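Presented below is the structure to which this report refers.
The values are calculated or read from the model by the stated rules, or taken from the named source; none is laboratory data. Given the structure is predicted, the values throughout are model-derived calculations rather than measurements. Cβ placement follows ideal geometry from the backbone for every residue including glycine, while neighbour counts extend to all protein chains displayed. These area figures cover heavy atoms from the full protein model, side chains too; ligands, DNA and RNA do not enter into them. Shrake-Rupley method; radii C 1.70, N 1.55, O 1.52, S 1.80 Å.
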Amino acid sequence: MEEENGKRQRNNKSNLKYAAVSSLLCVAIILGGLFSGGALYNVIAAEEDAVRYEPETAPSVEEAVSSGEGGETPPSGPVDTDGNEMPSYPEIEQETEVIETREYDGETFRVVCIGNSVTQHPYMSQFEHPDGYWLQDWGMAASAREKDYAHLLEAKMGEIYGETSLEVYNYMQWEVAEQAGIPRSAYLTYLDPLFEGEKGPDTDLVIIQLGESCTMYNSLLQDYADLIDYVRTHAPNAVIGVTGTVIIMDEARNAAVDTIKQMVCQDRGVPYISMSGYNESMWVGEGTVIYNEQGEATVISLIQRTHPGDIGMQYIADQIFQILSPYLPTVSG
């Protein structure tokens, strides 16, 4: 009984810590200018009431430089379309720790990738979404199934371990849950089929690629911690890696989400896989034509253009392998 009470108290302290840090992060994000440039994001208050923040109108960069009023210096960092300086969130230096690897058991090396459209986007017809249709069922916007990051990573594991299996899961509902007033934790059990029966202990590698679609942050720190804990419980032998964001719709938002992910990875002892090198040269680009296996063509739209093309997908797979290599099972002989 005393042990259970002690465990309960530690869990309560951990939850309180994450709630407090999440609140401070939300304030920092708001004060840092995340809501500038006409963007409007929702933040859930402590009483779970939606609070909306309107940005003040700011002069353009040209106006600020030419006027010289108030003795203000021009922004030294990146700016948004209205000339507002975007906040900077430097990457957190991850503490190195003793890595205890296990020897590979010689059975099928099982990879699980949990993510959004970058990991796997289901077939979506032009009728369903005229401006963002996708006539494939692999990671947007690779030119072929074997060229998305998940299949590239599986192929790399195959070179090392021999027989492999891959399971991908689009978990975007977890990202956007709070927008519908649903706690993200309500979707954790949706992952159970990935790890049911022997699949759980037989899983060797889990990639968590999420965050680009998150627009509510008040509980995101705790939500990421809960997600990692859930995966770790259901796949106890797996190496877990959390990737940085890649879809560039709002750089300030991405940076804030990545900061949260790095904090949780540091706390939970999980490798964070930086995607800071992802850039415009790796985008698929508007107007690119991608054919599915039946010869149907998807024309990449404006809203899809920053998804990784083949170069971007290769970059993601390479980053994952580079960061996680020291954690992977060893092969005898």
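What number of residues in region 249-269 are within 13 Å of the chain's Cα centre (by Cα), among the charged types (D, E, K, R) and within 22 Å of ASP229 (Cα to Cα)?
The qualifying residues number 2.
With the structure loaded, tell me whether PRO122 is open to solvent by 50 Å² or more (accessible area, probe 1.4 Å), modelled with pLDDT of 90 or more and in contact with a strand residue (DSSP E or B) (Cβ under 8 Å, 6 or more places away or on another chain) or whether it fails that test. I'd like the intermediate steps shown before the answer.
Working: open to solvent by 50 Å² or more (accessible area, probe 1.4 Å): yes; modelled with pLDDT of 90 or more: yes; in contact with a strand residue (DSSP E or B) (Cβ under 8 Å, 6 or more places away or on another chain): yes.
So PRO122 fits the description; yes.
Filter region 126-157 down to the residues that are open to solvent by 20 Å² or more (accessible area, probe 1.4 Å), touching a strand residue (DSSP E or B) at 6+ places or on another chain (Cβ under 9 Å) and not in a loop (DSSP other than H, G, I, E, B) and list them by number.
Of everything in region 126-157, those that are open to solvent by 20 Å² or more (accessible area, probe 1.4 Å), touching a strand residue (DSSP E or B) at 6+ places or on another chain (Cβ under 9 Å) and not in a loop (DSSP other than H, G, I, E, B) turn out to be HIS151, GLU154, ALA155.
Go through GLY197, GLY211 for me and flag whichever is at positive phi, surrounded by fewer than 17 Cβ atoms within 10 Å (Cβ to Cβ) and outside any helix (DSSP H, G or I).
Just one listed residue meets the conditions, GLY197.
Only one of these conditions is not met by ASN170: (1) surrounded by 14 or more Cβ atoms within 10 Å (Cβ to Cβ); (2) farther than 17 Å from THR245 by Cα. Which number is it?
Just one mismatch for ASN170, condition (2).
Of everything in region 173-190, what is in contact with a Phe, Trp or Tyr (Cβ under 7 Å, 6 or more places away or on another chain), surrounded by fewer than 21 Cβ atoms within 10 Å (Cβ to Cβ) and touching a residue at least 40 places away in the same chain (Cβ under 8 Å)? Give them in sequence order.
LEU188
With the condition being among the hydrophobic types (A, V, I, L, M, F, W, C) and either open to solvent by 40 Å² or more (accessible area, probe 1.4 Å) or at pLDDT 95 or above (or both), I'd like the strands (runs of 3 or more DSSP E) fully within region 217-333 carrying at least 3 qualifying residues. Spell out the reasoning first.
Values: elements: 239-243, 289-291, 297-299.
Those strands (runs of 3 or more DSSP E) span 239-243.
May I ask you to verify whether VAL206 is more than 28 Å from GLY285 (Cα to Cα), open to solvent by less than 10 Å² (accessible area, probe 1.4 Å) and within 16 Å of the chain's Cα centre (by Cα)?
It is true that VAL206 is more than 28 Å from GLY285 (Cα to Cα), open to solvent by less than 10 Å² (accessible area, probe 1.4 Å) and within 16 Å of the chain's Cα centre (by Cα).
Of the residues that make up region 126-146, is at least one out of contact with any His (no Cβ under 8 Å at 6 or more places or on another chain), modelled with pLDDT of 95 or more and under 17 Å from LYS261 (Cβ atoms)?
Checked region 126-146: no residue is out of contact with any His (no Cβ under 8 Å at 6 or more places or on another chain), modelled with pLDDT of 95 or more and under 17 Å from LYS261 (Cβ atoms).
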